[in-house]
Amino acid sequence: MSGVLPVWSVQPFGVATTFVESLTSYVRRVASRMLIPAPRLIAAVSGITQAQHYTETINGTELASARITAALAQWSGVVELEMLSFAPFRSGLHLRKDFRRDRAWCPICLAGDPDLAYDQLVSGFHRSRRCIVHGADLQTKCPACGRTHRPFALWSEPTRCHHCGAQLGDGHVQRNDLDPETAAVASIVEWTQQGQQVQPLRIAGAMRLLRAAATLGKMADHLGLTFSTVQNVEAGGQRLQMDTLVRILTRSGSTIAELHSPDPVIPPTPRTARTSVIPRVDVERLREGARHELQLPLSERRSIARLAEDLEVSRITFLRHVPEAATLARERRASRPLSTRPA
Ligand SMILES: [Zn+2]
Ligand SMILES: [Zn+2]
């Protein structure tokens with residue numbers, strides 16, 4: 001496209017970190033500097049028209065996202081653009097309904113230098129509720145006129161409402177701790193930004209371990225998923241939606257690295273310092289704990305979750321490393337009166 005549009009090498013923010021900018025945010029920043037509507041920029045560069053009607057898919061795993069990314073990267077010379085969506089990681093995730101229709105922003109992030117203002121990829125997901133930097137609740141409505149913003153609305157820019165011109169930044173809103181759902185989304189984004197793939201087959205194995213002797217229905221209730229979703233995840237043949245993965249992570253207390261652990265003894269250690277480092281598992285100590293528990297009368301035994309907690313490991317780590325855990329779970333289940341057993 002050189003000769004038609006000037007080449008702007010605007011650099012994306014936060015590449016290869018949890019705080020990476022979304023592709024929609026990047027495109028809007030470039031378009032706003034060029035004083036043209038974002039969909040026109042996309043159409044001119046990639047040939048894909050009417051992008052304003054499907055902004056939910058642009059940060060995701062769709063073919064259109066890959067095409068827009070490749071065309072923009074070639075046009076601008078900024079090769080890191082492929083990190084701003086999930087297009088390069090599409091083997092393991094199926095991201096379509098997981099993105100918000102409207103833009104969501106952190107008022108504190110937008111209160112600083114306007115040249116450094118951007119929307120994080122994490123904030124675009126329905127399951128993200130707070131800013132992962134400040135803990136502020138994400139906003140989707142202008143504080144002055146109350147209207148929502150489409151990511152590619154005409155004349156939209158990062159820090160101002162394009163309807164009424166009000167400032168969207170506010171450095172004084174309340175900061176909170178990060179909620180578990182947002183933290184789970186952030187950990188998945190970080191995982192892919194580190195160059196790791198989401199692997200449905202690995203997750204299927206972890207799910208079968210987590211479920212142990214429980215029924216599919218019981219597991220579905222526990223995770224807040226449908227019976228068939230649990231069945232599909234355990235089969236490992238389908239790409240996963242963000243919502244499914246977030247429920248598995250938050251309700252099982254597992255980390256994304258634990259779900260992918262290929263090595264039965266030492267889970268992979270994440271490469272960046274921001275991720276919690278997973279300690280080596282002392283399998284003998286865990287097995288000793290399980291054998292000790294097996295010698296106790298049934299009435300005195302702890303639940304698997306409680307036992308794992310007392311041994312200072314997650315339930316999935318315990319189940320993965322300790323063969324005796326299966327016996328413990330089976331005997332405990334068999335000892336319960338029929339009326340309280342899962343159907
Ligand atoms: Zn923020
Ligand atoms: Zn407004």
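Could you check region 118-148 and list, in sequence order, the residues that are within 16 Å of ligand 2 (Cβ to nearest atom) and of a type in the set (Gly, Ala, Ser)?
Restricting attention to region 118-148, the residues satisfying the condition of being within 16 Å of ligand 2 (Cβ to nearest atom) are 139-148.
Of everything in region 118-148, those that are within 16 Å of ligand 2 (Cβ to nearest atom) and of a type in the set (Gly, Ala, Ser) turn out to be 144, 146.
Restricting to region 170-202, give me the number of residues that are basic (Lys, Arg) and within 16 Å of ligand 1 (Cβ to nearest atom).
1
If I ask for residues that are touching a strand residue (DSSP E or B) at 6+ places or on another chain (Cβ under 9 Å) and either away from ligand 2 (no atom under 11 Å from the Cβ) or touching a residue at least 24 places away in the same chain (Cβ under 8 Å) (or both), which ones from region 152-166 would you list?
Let us first name the residues in region 152-166 that are touching a strand residue (DSSP E or B) at 6+ places or on another chain (Cβ under 9 Å), namely 158-161, 166.
158, 159, 166 - these are the residues of region 152-166 that are touching a strand residue (DSSP E or B) at 6+ places or on another chain (Cβ under 9 Å) and either away from ligand 2 (no atom under 11 Å from the Cβ) or touching a residue at least 24 places away in the same chain (Cβ under 8 Å) (or both).
Give me the residue from region 173-182 that is more than 12 Å from residue 143 (Cβ to Cβ) and in a loop (DSSP other than H, G, I, E, B) and, out of that set, farthest from the chain's Cα centre (by Cα).
So in region 173-182, the residues more than 12 Å from residue 143 (Cβ to Cβ) come out as 174-182.
If we keep only those that are in a loop (DSSP other than H, G, I, E, B) as well, we get 174-179.
On the way: 174: 24, 175: 21, 176: 19, 177: 17, 178: 14, 179: 13 Å.
Among residues in region 173-182 that are more than 12 Å from residue 143 (Cβ to Cβ) and in a loop (DSSP other than H, G, I, E, B), the one farthest from the chain's Cα centre (by Cα) is 174.
Those residues that are of a type outside the set (S, T, N, Q), assigned to a loop (DSSP other than H, G, I, E, B) and over 26 Å from residue 190 (Cβ atoms), I need them from region 126-156; list them, please.
Residues of region 126-156 of a type outside the set (S, T, N, Q): 126-127, 129-138, 141-147, 149-155.
Add one more test, that the residue is assigned to a loop (DSSP other than H, G, I, E, B), and what stays is 126-127, 129, 131-136, 138, 142-147, 149-155.
Once the filter is applied, which keeps residues that are of a type outside the set (S, T, N, Q), assigned to a loop (DSSP other than H, G, I, E, B) and over 26 Å from residue 190 (Cβ atoms), region 126-156 yields 142, 143, 144, 145, 146, 147, 149, 150, 152, 153, 154, 155.
For region 152-169, enumerate the residues that are over 26 Å from the mean Cα position of the chain (by Cα) and within 16 Å of ligand 1 (Cβ to nearest atom).
167
In this structure, does residue 316 turn out to be closer than 24 Å to residue 195 by Cβ, modelled with pLDDT under 80 and not in a helix (DSSP H, G or I)?
On the way: closer than 24 Å to residue 195 by Cβ: yes; modelled with pLDDT under 80: yes; not in a helix (DSSP H, G or I): no.
Against the criterion (closer than 24 Å to residue 195 by Cβ, modelled with pLDDT under 80 and not in a helix (DSSP H, G or I)), residue 316 does not qualify.
Pick from region 47-58 the residues that are polar (S, T, N, Q) and under 25 Å from residue 122 (Cα atoms): which of them is surrounded by the fewest Cβ atoms within 10 Å (Cβ to Cβ)?
First pass over region 47-58, keeping only residues polar (S, T, N, Q): 49-50, 52, 55, 57.
Narrowing the set further to residues that are under 25 Å from residue 122 (Cα atoms) leaves 50, 52, 55, 57.
Working: 50: 9, 52: 16, 55: 25, 57: 19.
So, considering only residues that are polar (S, T, N, Q) and under 25 Å from residue 122 (Cα atoms), the one surrounded by the fewest Cβ atoms within 10 Å (Cβ to Cβ) is 50.
Looking at the structure I just gave you, is residue 214 farther than 30 Å from residue 25 by Cβ and not acidic (Asp, Glu)? First the steps, then the outcome.
Values: farther than 30 Å from residue 25 by Cβ: yes; not acidic (Asp, Glu): yes.
Yes; evaluated as a whole, the condition is true for this residue.
Quickly run through region 126-151 and pick out the residues that are in contact (Cβ under 8 Å) with a residue 12 or more places away in the chain and more than 16 Å from ligand 1 (Cβ to nearest atom).
Of all residues in region 126-151, those in contact (Cβ under 8 Å) with a residue 12 or more places away in the chain come to 126-140, 142-145, 147-151.
Scanning region 126-151 gives 126, 127, 142, 144, 145, 147, 148, 149, 150, 151.
Helices (runs of 4 or more DSSP H) wholly in region 10-125 with at least 1 residues that are closer than 20 Å to residue 194 by Cβ and touching a residue at least 24 places away in the same chain (Cβ under 8 Å) - which ones?
Working: elements: 23-34, 38-46, 55-58, 63-76.
Counting at least 1 such residues, we get 23-34, 63-76.
What do you reckon, is residue 71 over 18 Å from residue 190 (Cα atoms) and surrounded by fewer than 22 Cβ atoms within 10 Å (Cβ to Cβ)?
Details: over 18 Å from residue 190 (Cα atoms): yes; surrounded by fewer than 22 Cβ atoms within 10 Å (Cβ to Cβ): yes.
Answer is yes for this residue.
Which of the residues spanning region 157-191 are among the small types (Gly, Ala, Ser) and over 11 Å from residue 105 (Cβ atoms)? Write out each step before concluding.
Taking region 157-191 and keeping what is among the small types (Gly, Ala, Ser), we get 165-166, 169, 171, 183-184, 186-187.
Within region 157-191, 165, 166, 171, 183, 184, 186, 187 qualify.
For residue 102, indicate whether it is modelled with pLDDT of 90 or more and under 30 Å from residue 204 (Cβ atoms).
Values: modelled with pLDDT of 90 or more: yes; under 30 Å from residue 204 (Cβ atoms): no.
Criteria not met by residue 102.
Using the structure shown, decide if residue 190 is modelled with pLDDT of 95 or more and surrounded by 18 or more Cβ atoms within 10 Å (Cβ to Cβ).
Details: modelled with pLDDT of 95 or more: no; surrounded by 18 or more Cβ atoms within 10 Å (Cβ to Cβ): yes.
It is false that residue 190 is modelled with pLDDT of 95 or more and surrounded by 18 or more Cβ atoms within 10 Å (Cβ to Cβ).
The values are calculated or read from the model by the stated rules, or taken from the named source; none is laboratory data. Only a predicted model underlies this, so the values are computations on that prediction, with no experimental measurement involved. When we count neighbours, we look across all protein chains shown, and the Cβ atoms used for this are built from the backbone with ideal geometry, even at glycine.
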